[in-house]
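Here's the structure, in structure tokens; my notes come after.
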Amino acid sequence: MKGILINGSPKRRDSSSGALLNDLRSLLDPGTETAVMTVTASHPAASSAYTGMRWEPSPEDVKQLRGSSFLVLSFPLYVDAVPSHLLSFLMELEWQQKNNRLLETEEPLAVYAAVNCGFYEGKQAALALRIVENWCLRCGFEYKQGIGCGAGAMLSQLKGAPLQKGIKKPLGTALKDMAARIGRLEKGKDQLISLSFPRPLYMAAASIGWRKQGRENGLTAKELKS
């Protein structure tokens, strides 16, 4: 079985979306063939909504997408929704599907989604998952399952942490379930979880991080609050 994993983070490297896909990939059946497509703001399809120019998939894009039985979208939550560059890509993929049958399969393409939230609560991703589900309906795909991971901003710093225990255990349980369902192209209930880390400590760490980034960009704590 073949699938395409789409990393929808705007970051070129060290993203939580990429870390999440790597964790999922490690749980898939060894016989599953996967390819990762990275969609940053510089992707040709990411600006089509603004330029009005159609995306023409490269031979490599076509090779990756054609013949896929499933697709996994991994992206950060932006204002309770899908990042604009990724939304533009999805709109172009929809156009290609409707006009060129880019993802032609015997059965409707199975779509899974994993959203990492800066919020502590994974339930914040519920609306973004509904957006993905509606996009599937427009494309003729079948939405199968989604994960909303609260405190997801930590994932890029937890690459070596085990999925079976500790901070990432709730995510590991959700990903294990999704991986099993992907193996059967099966539908499942959305799972909205948070990493196993105290909320007050997460909020404190986030505040420290914002102040550090502010100093690095010449801003004071007072200016950040203004």
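The values are calculated or read from the model by the stated rules, or taken from the named source; none is laboratory data. Just so you know, these numbers come straight off a predicted model, no measurement behind them. Every residue, glycine as well, gets a Cβ built from its backbone with ideal geometry; the counts of neighbours run over all protein chains shown. To get the accessible areas, we keep the full protein, side chains included, count just its heavy atoms, and leave off ligands, DNA and RNA. Shrake-Rupley method; radii C 1.70, N 1.55, O 1.52, S 1.80 Å.
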Please sort through the DSSP H helices of the chain and keep those with an alpha-carbon extent of at least 15 Å along the long axis and a Kyte-Doolittle average not below 0.5.
126-139
Quick calc, the chain, dipole around Cα centre from Cβ unit charges on Lys, Arg (+) and Asp, Glu (-), nearest 20 debye, gives 820
Most packed first (mean Cβ within 10 Å per residue), the peptides 39-45, 120-126, 83-89 order as 83-89, 120-126, 39-45
Of Gln64, Gln164, Gln96, the one that fluctuates the most in a GNM where the chain has Cα springs shorter than 10 Å
Gln164
So, relative contact order of segment 111-176 in percent, Cα under 8 Å, 6 or more apart, is 37
Keeping every protein chain in place, order Met1, Met37 by accessible area at 1.4 Å, biggest value first, i.e. largest first.
Met1, Met37
Taking the chain as a Gaussian network, where each spring joins two C-alpha atoms under 10 Å apart, which residue of Gly160, Gly188, Gly148 fluctuates the most?
Gly160
Output the antiparallel fraction of DSSP beta bridges having both residues in the chain, as a percent to the nearest 5.
5
Lys/Arg +1, Asp/Glu -1 at C-beta; segment 7-119 dipole; positive extreme among Asn22, Gly118, Ala41
Ala41
Please list Leu102, Leu185 in order of solvent-accessible area, largest first, computed with a 1.4 Å probe with all protein chains present.
Leu185, Leu102
From Cα pairs below 8 angstrom and at least 6 apart in sequence, can you work out the relative contact order of segment 1-103, rounded to a whole percent?
39
Taking the Cα centre of segment 28-93 as origin, work out the dipole magnitude from +1 charges on Lys and Arg Cβ and -1 charges on Asp and Glu Cβ, in debye rounded to 20.
120
Cut-off under 5 Å, modelled amide H: who pairs with Thr34 long-range
Gly3
Treating cross-link reach as a plain straight distance, find the lysines whose alpha-carbon is under 25 Å from the alpha-carbon of Lys189, omitting any fewer than eight places away in the same chain.
Lys2, Lys123, Lys144, Lys165, Lys168, Lys169, Lys176
Run the accessible area of segment 119-226 with a 1.4 Å probe and give the carbon-and-sulfur part as a rounded percent.
58
Tell me the net charge near Gly188. Cut-off is 14 Å between Cβ atoms, Gly188 excluded, with +1 for each Lys or Arg and -1 for each Asp or Glu.
+1
Nothing charged except the Cβ atoms of Lys and Arg (+1) and of Asp and Glu (-1): what's the magnitude of the dipole of segment 36-166 about its Cα centre? Round to the nearest 20 debye.
240
Which residue, chosen from Gln145, His85, Ala161, occupies the Cα position most advanced towards the positive end of the dipole of segment 74-170, where the dipole is computed from +1 (Lys, Arg) and -1 (Asp, Glu) charges on Cβ about the Cα centre?
Ala161
Test of understanding: in a Gaussian network model of the chain with alpha carbons linked when under 10 Å, which of Val72, Val111, Val36 would top the mean-square fluctuation ranking?
Val36
Excluding same-chain residues fewer than 8 positions from Lys212, which lysines have a Cα within less than 21 Å of its Cα?
Lys11, Lys222, Lys225
So what is the relative contact order for the chain, in percent, with contacts set as C-alpha pairs under 8 Å and at least six apart?
20
